[in-house]
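Undergrad: Mind having a look at this structure? Questions to follow.
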Amino acid sequence: MTRTGARGDRGTPPWWLVVPALVAMALLLLPVAGLLARASWTQLPSDLASVEVVAALRLSLVCSLAATALAIPLGLPLAWILARSRLPGLRWLRALVTLPMVLPPVVGGVALLFAFGRRGLVGQWIHESFGVSLPFTTAAVVLAETFVAMPFLIAAAEAGFRQVDRRYEEAAATLGAGRLQTLLDVTLPLALPSLGAGAVLCWARALGEFGATITFAGNLPGVTQTLPLAVYMALEMRPEAAIALSLLLLAISLAVLAALRDRWLVR
């Protein structure tokens, strides 16, 4: 009797946990419910088919995919170093790498301006040497999205590299495989689920980036105006279009969460 009662108690949460849990659920779900309630479902197709929305969607997809493509070859080696090396100061390096995840996006945009602007640390040299100015261009959008999104890829990839059983790599080494071949044929395939999840998270974060983009790249229609920036502009003049764009981003976010539910979020 005692064992059965204990098992039943373990499956039923106490009221003093249920009440704040319900409040938390309401806090998270009510804004989404409000968005769904205000949506004009009959006008939604025409709002999403407008020229401004199509241009913002195309630019968002191009820039977010480009940011992900840039983050993968740069972030995976760094993730491997964080997971496998014993360099001094590795803890501080990891903190610096993950800093954009907690840094206010607007601060990130200001930092990008002082680094890659015309008078920035690197931007001044780029402008003087090649005559190229990065701020307020499409390339600036890609750079800003890479800055804020790559840490998500690195964090997931580092966890994936740590989970790889080193015995498989040692077996490959005993069979004559070099370090590069072992990495390509053993380590990367075994860590592939985490790497894929990290790439999807990186892309989703890049797609939803706002603060660093508007600060470093501006809000120029057809050039730097991505979907989140289009939502911000439409909210003042065309609220129905802002709702339609918000629903589109909401659907993409839900699709990403559903795709990663069994691979990354549960673990």
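Undergrad: Tell me, please, whether a residue that is buried (at least 19 other Cβ atoms within 10 Å of the Cβ), of a type in the set (Ser, Thr, Tyr) and under 19 Å from residue 235 (Cβ atoms) can be found in the range 58-66.
TA: Yes, that holds for at least one residue.
Undergrad: Residue 22 is checked against (1) at pLDDT 95 or above; (2) over 24 Å from residue 230 (Cα atoms) and fails just one. What number does that condition carry?
TA: (1)
So that you can scan it fast, the table gives a plain yes or no per residue for (1) of a type in the set (Val, Ile, Thr); (2) closer than 13 Å to residue 216 by Cα; (3) out of contact with any Phe, Trp or Tyr (no Cβ under 6 Å at 6 or more places or on another chain):
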residue: 109; (1), (2), (3): no, yes, no
residue: 112; (1), (2), (3): no, yes, no
residue: 118; (1), (2), (3): no, yes, yes
residue: 121; (1), (2), (3): no, no, yes
residue: 125; (1), (2), (3): no, no, yes
residue: 134; (1), (2), (3): no, yes, no
residue: 143; (1), (2), (3): no, yes, yes
residue: 146; (1), (2), (3): yes, yes, yes
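Undergrad: Of the conditions (1) buried (at least 21 other Cβ atoms within 10 Å of the Cβ); (2) more than 24 Å from residue 150 (Cβ to Cβ), residue 239 fails just one. Which one is it?
TA: (1)
Undergrad: Another question about this same structure. Which one is farthest from the chain's Cα centre (by Cα) among residues in the range 45-93 that are free of Cβ contacts under 8 Å to residues at least 60 places away in the same chain and more than 28 Å from residue 157 (Cβ to Cβ)?
TA: Here the residue is 46.
Undergrad: Oh, and also: Against the conditions (1) in contact (Cβ under 8 Å) with a residue 12 or more places away in the chain; (2) part of a loop (DSSP other than H, G, I, E, B); (3) over 23 Å from residue 254 (Cα atoms), where does residue 169 fall short? Just the number, please.
TA: Failing condition for residue 169: (2).
Undergrad: Still on this model: Working only within the range 223-236, note down all residues that are closer than 16 Å to residue 56 by Cα and not β-branched (Val, Ile, Thr).
TA: Within the range 223-236, 225, 227, 228, 229, 230, 232, 233, 234, 235 qualify.
Undergrad: Does any residue in the range 9-20 that is at negative phi come within less than 8 Å, Cβ to Cβ, of a residue that is at pLDDT 85 or above six or more places away or on a different chain, and which pairs are these?
TA: 13/21
Undergrad: Name the pairs: first residue in the range 214-236 and outside the structural domain of residue 123 (by TED's automatic domain parsing), second residue not in a loop (DSSP other than H, G, I, E, B), Cβ to Cβ under 7 Å, at least 6 apart or on different chains?
TA: So the pair list comes out empty.
Undergrad: Continuing with the same structure: Out of all the residues in the range 139-166, which are buried (at least 18 other Cβ atoms within 10 Å of the Cβ) and not in a helix (DSSP H, G or I)?
TA: Across the range 139-166, the qualifying residue is only 164.
Undergrad: I've got another one for you. Among the numbered criteria (1) modelled with pLDDT under 90; (2) under 29 Å from residue 198 (Cα atoms), which one does residue 8 miss?
TA: (2)
Undergrad: Another question, then. When the range 170-191 is examined, which residues are found to be hydrophobic (A, V, I, L, M, F, W, C) and either surrounded by 12 or more Cβ atoms within 10 Å (Cβ to Cβ) or under 33 Å from the mean Cα position of the chain (by Cα) (or both)?
TA: Narrowing the range 170-191 to residues hydrophobic (A, V, I, L, M, F, W, C): 171-173, 175, 177, 180, 183-184, 186, 188, 190-191.
171, 172, 173, 177, 180, 183, 184, 186, 188, 190, 191 - these are the residues of the range 170-191 that are hydrophobic (A, V, I, L, M, F, W, C) and either surrounded by 12 or more Cβ atoms within 10 Å (Cβ to Cβ) or under 33 Å from the mean Cα position of the chain (by Cα) (or both).
Undergrad: Take the range 77-135 and flag every residue that is of a type in the set (Ser, Thr, Tyr) and either under 21 Å from residue 208 (Cα atoms) or crowded, with 17+ Cβ neighbours inside 10 Å (or both).
TA: If the condition is that a residue be of a type in the set (Ser, Thr, Tyr) and either under 21 Å from residue 208 (Cα atoms) or crowded, with 17+ Cβ neighbours inside 10 Å (or both), then 98 is the only one that fits.
Undergrad: Out of 46, 60, 50, report the one residue that is of a type outside the set (Phe, Trp, Tyr) and closer than 20 Å to residue 205 by Cα.
TA: Working: 46 fails: closer than 20 Å to residue 205 by Cα; 50 fails: closer than 20 Å to residue 205 by Cα.
Being of a type outside the set (Phe, Trp, Tyr) and closer than 20 Å to residue 205 by Cα holds for just one of 46, 60, 50, which is 60.
The values are calculated or read from the model by the stated rules, or taken from the named source; none is laboratory data. Since this is a predicted model, take the numbers as computed values, not measurements. Virtual Cβ from ideal backbone geometry, glycine too; neighbours counted across all protein chains shown.
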